Amino acid sequence: MKIQALFLSAALLLNGVMLFAQESTENAPQKAEATATRTVPQPRYVDRPRNAIGIGAGITKLFRLTDGPVPLFGENLENADFPEGSWELNDQKELCANKDAVIWTKEKYSAFICSFDFNLSEGANGGFLFQCSDKDNWIPNTLEIQLLDDAGKEPNYHSCGAFYGFQAPYVNATKKPGEWNTMSIVCEGRLVSVALNGKLVNRIDTAEWFNPAVGPDGTEIEEKFRGKTLASFEPYGYIGFQGLHGNAPIKIRNVQFSPIRNADTTQEGWRSCFGDKLENADFDPAVWSIDEDGILRANKDEMIWLKDEYKNFKLDFEFRTTKDANSGVVIQATDRANWIPNSLEVQIYDSFGKAADLGSCGAIYGRRAPDFNVCKAPGEWNHMTISVLGPDIYVVLNDQLTTHMLKSQWKKADENPDGSNPFSWLINKAPAETPLVGSVGFQGLHEKNPVEYRNIMIWGKPIAKPETDENK
């Protein structure tokens with residue numbers, strides 16, 4: 001029932017976002033006039049906003065990256081961090097605050113689906129907090145979706161469902177005090193969508209908020225909110241609820257949470273990628289080897305390929321770099337002999353402590369930079385899951401969704417959708433024009449700085465590679 005409930009709430013959000021995406025620029029003002037709501041902004045791309053989930057099949061695909069919903073703070077708040085006596089679960093399993101103190105998760109998250117019910121008393125004022133980088137000084141270091149008793153009022157950036165201080169909801173869908181509301185939040189790093197009582201009420205791409213004084217639509221930001229720009233936030237952090245603000249309590253229940261994490265390869269359908277003795281691989285045995293501990297390594301810059309091709313699949317593995325090591329996982333390769341301009345590569349690189357760019361660990365190399373960098377120091381094991389679901393490519397590194405590329409947005413061979421340029425040696429066809437089926441492999445020893453791999457697992461149905469003189 002919990003999975004069905006969360007998926008239903010996500011589906012409601014999907015329906016709202018689909019309508020938003022289909023709405024033309026000329027229709028938006030009419031809708032605003034007819035419903036007395038603020039105008040819905042238009043996405044930057046016709047088929048789907050940058051890095052978006054929640055349009056078309058996107059939200060379904062994002063849900064497939066999760067292991068299903070769990071209570072955000074645990075069944076009995078065992079996964080919560082809060083001052084003693086400030087929060088409790090009552091006999092009805094309703095989460096209630098006794099003080100103005102935040103209840104936080106113990107772990108950080110970048111991408112998730114979350115749904116919860118909340119009941120506002122008269123004058124209640126609280127918030128759903130996320131991407132917090134500093135629990136002790138959370139107000140300037142956190143994004144907040146407002147929870148407020150304002151039923152029937154004109155939407156503004158303080159309203160229920162607002163990105164507090166920055167963007168008003170499209171419509172006020174809040175119920176009267178004493179009635180239960182349901183809020184659903186789909187967060188994919190910088191892109192966040194909010195549904196309230198079955199209506200899409202807000203949607204933001206924080207990458208567009210790079211001016212501290214003015215929003216993307218030209219609206220001035222109130223002076224007290226002109227601190228860090230939203231674009232400067234690293235799009236992951238702690239999640240929580242604001243406590244008793246004033247003397248008007250809020251009751252919260254059914255907090256269902258599906259985080260995007262590295263894959264659980266104990267689940268049905270996962271199997272060894274190359275096989276224990278590399279029997280499922282095409283490679284030069286003088287170059288690639290696997291030791292008794294299952295660690296895979298190469299001594300030359302040559303590829304190891306899966307024998308079959310893949311379209312929809314997930315690849316999960318651990319890797320550790322040496323200093324300045326540079327390697328990669330190659331997907332959708334259509335020419336193994338000349339794979340560099342005829343494939344996409346998920347970068348494996350010692351980018352520990354560096355700013356994220358088109359060459360960082362977890363990047364779709366030269367095409368899509370990760371939103372932030374969580375690569376560990378050389379010598380430490382990293383955990384990566386690559387999910388290729390049709391044109392969508394997701395990279396989860398060390399339990400954080402850092403990268404999402406929707407190939408249909410990459411319509412030019414020599415320019416990425418954000419205006420950056422791919423590396424010249426990659427330019428062949430626009431990624432949007434390349435097949436979704438291709439070979440999968442790992443790059444060998446590149447520039448004399450080795451990368452080691454272990455526990456390489458794959459999920460998905462293989463597609464037999466057409467027989468050629470090369471693989472007969």
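Things worth noting here:
- Residue exposure sequence - L244, L77, L120 - by fewest surrounding Cβ within 10 Å: L77, L244, L120
- Nitroxide proxy distance, nm - points 7 Å out along Cα→Cβ at K228 and D414: 3.9 nm
- Under 16 Å from the Cα of K411 - aspartates and glutamates, other chains or at least 8 residues apart: D47, D392, E433
- Average Cα contact separation per residue, the stretch 337-413, under 8 Å, 6 or more apart, as relative contact order %: 22 percent
- In plain terms, the chain from K461 to N197 could stretch by 91.2 nm, reckoned as 0.36 nm per residue minus the Cα-Cα distance.
- Length-normalised contact order for the stretch 270-459 - Cα pairs under 8 Å, 6+ apart - percent: 33 percent
- Sequence of Y310, Y157 once ranked by neighbouring C-beta atoms within 10 Å, starting from the fewest: Y157, Y310
- Per-residue Cβ neighbour counts within 10 Å put C96, C361, C375 in the sequence C96, C375, C361, beginning with the fewest.
- For A151 and L77, the FRET efficiency from 1/(1 + (r/R0)^6), where r spans their Cβ atoms and R0 equals 30 Å, is about 0.55.
- The stretch 207-363 pair-distance distribution - Cα-Cα, 10 Å bins, rounded %: 7, 23, 27, 18, 14, 9, 2, 0
- Residue-span extension gain [S133 to A213] - 0.36 nm each, minus C-alpha spacing: 26.6 nm
- Stretched out straight at 0.36 nm per residue, the stretch from I295 to E94 would grow longer than its current Cα-Cα span by 67.6 nm.
- For the residue pairs K277/K448; K277/K461; K300/K412; K106/K461, the alpha carbons lie more than 30 Å apart in K300/K412; K106/K461.
FYI, it's all coordinate maths here, none of it is from the lab. Being a predicted model, the structure only gives us computed values, none of them experimental. Every residue, glycine among them, receives a Cβ derived from its backbone with ideal geometry; neighbour counts consider all protein chains shown.
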